[in-house]
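Working notes for the structure below.
None of the figures in this text is laboratory data; all of them are computed from the coordinates on show. These numbers come from a predicted model, not from an experiment. Backbone-built Cβ (ideal geometry, glycine too); neighbour counts: all protein chains shown.
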There are 2 protein chains.
Amino acid sequence: MTWLDEIKFDSAGLVPVIAQDKTSGRVLMFAYANREAVALTAEKGTAHYWTRSRQKLWHKGEESGHFQRVHEMRIDCDGDVLIYLIEQEGGIACHTGRESCFYRAFKDGEWVVTDPVLKDPSAIYAKPH
Amino acid sequence: MTWLDEIKFDSAGLVPVIAQDKTSGRVLMFAYANREAVALTAEKGTAHYWTRSRQKLWHKGEESGHFQRVHEMRIDCDGDVLIYLIEQEGGIACHTGRESCFYRAFKDGEWVVTDPVLKDPSAIYAKPH
């Protein structure tokens, strides 16, 4: 049994992945990976996922140039969730042009945007995202 | 539309939740919540989830005493993932008696345990977990 076999992929062959900034500890994004994506992440040292909306392997940064260097992978007690501890190239993980996808906080009964857009998405992506 | 309506629950009525230590930034666990669990978390200020294995509402700490005080809730760009920024009572989030469920790291082709057991699970739980 290899380390890949120890990961419990769900019925769709996916495992949730939390991408966390290795220095600040901030959670930058959440996505899913299939077996191939996890294997490529370990092999290449950059974060690979499976995009459920586009139904394909996703090398994060392939469109935006914002690759994620993976310094460590962690797995949880049940073996069904991963963390990628990353260094985010460009400092932008979110397709909205923000550092983190978690840019809204709950305050007084509503979700409030707390983070600035660092770069206009139209300047990041050649085509609509 | 209320803040709860803005959360996109999946076909099972669940949303993934990342529980993160508000001070250290460490990701302590990953679980799911239904609408009622999120509402109770906001109302009571302690983390509530939905346990898929037991198929019921789960007030974290109800068995172990290790409640999680929620200082902030965040939501991602797609509205389908939450973060609970918490203070972990007892300093133990994992049912194995460790601080975090993510106690194994990938090293040289295998998952290596990096974290100590802080308390014997049999001393935490009255009945087998």
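For region B:2-20, enumerate the residues that are away from chain A (no Cβ under 11 Å), of a type outside the set (A, V, I, L, M) and touching a Lys or Arg at 6+ places or on another chain (Cβ under 8 Å). Listed by number, the residues that qualify are B:Phe9, B:Gly13.
When residues of region B:1-28 are filtered for being in a strand (DSSP E or B) and closer than 14 Å to B:Val81 by Cβ, how many remain? It would help to see each step written out before you state the result.
From region B:1-28, those in a strand (DSSP E or B) are B:15-21, B:27-28; that's our starting set.
Narrowing further to those that are closer than 14 Å to B:Val81 by Cβ: B:15-20, B:27.
So the count comes out to 7.
All of B:Asp5, B:Asp10 fail the test of being surrounded by fewer than 19 Cβ atoms within 10 Å (Cβ to Cβ) and free of Cβ contacts under 8 Å to residues at least 12 places away in the same chain, apart from B:Asp5. In this structure, is B:Asp108 surrounded by fewer than 18 Cβ atoms within 10 Å (Cβ to Cβ), without any contact (Cβ under 8 Å) to a residue 12 or more places away in the chain and not basic (Lys, Arg)? The answer is yes for B:Asp108. Test A:Arg35 against the criterion of being under 13 Å from the mean Cα position of the chain (by Cα) and not hydrophobic (A, V, I, L, M, F, W, C), and give yes or no. No: the conditions fail for A:Arg35. Between A:Thr96, A:Thr46, the distinction of being touching a residue at least 24 places away in the same chain (Cβ under 8 Å), over 23 Å from B:Gln20 (Cβ atoms) and of a type in the set (Ser, Thr, Tyr) belongs to A:Thr46 only. On inspection, A:Thr23 fails the criterion of being closer than 24 Å to B:Phe102 by Cβ, more than 14 Å from chain B (Cβ to nearest Cβ) and touching a residue at least 12 places away in the same chain (Cβ under 8 Å).
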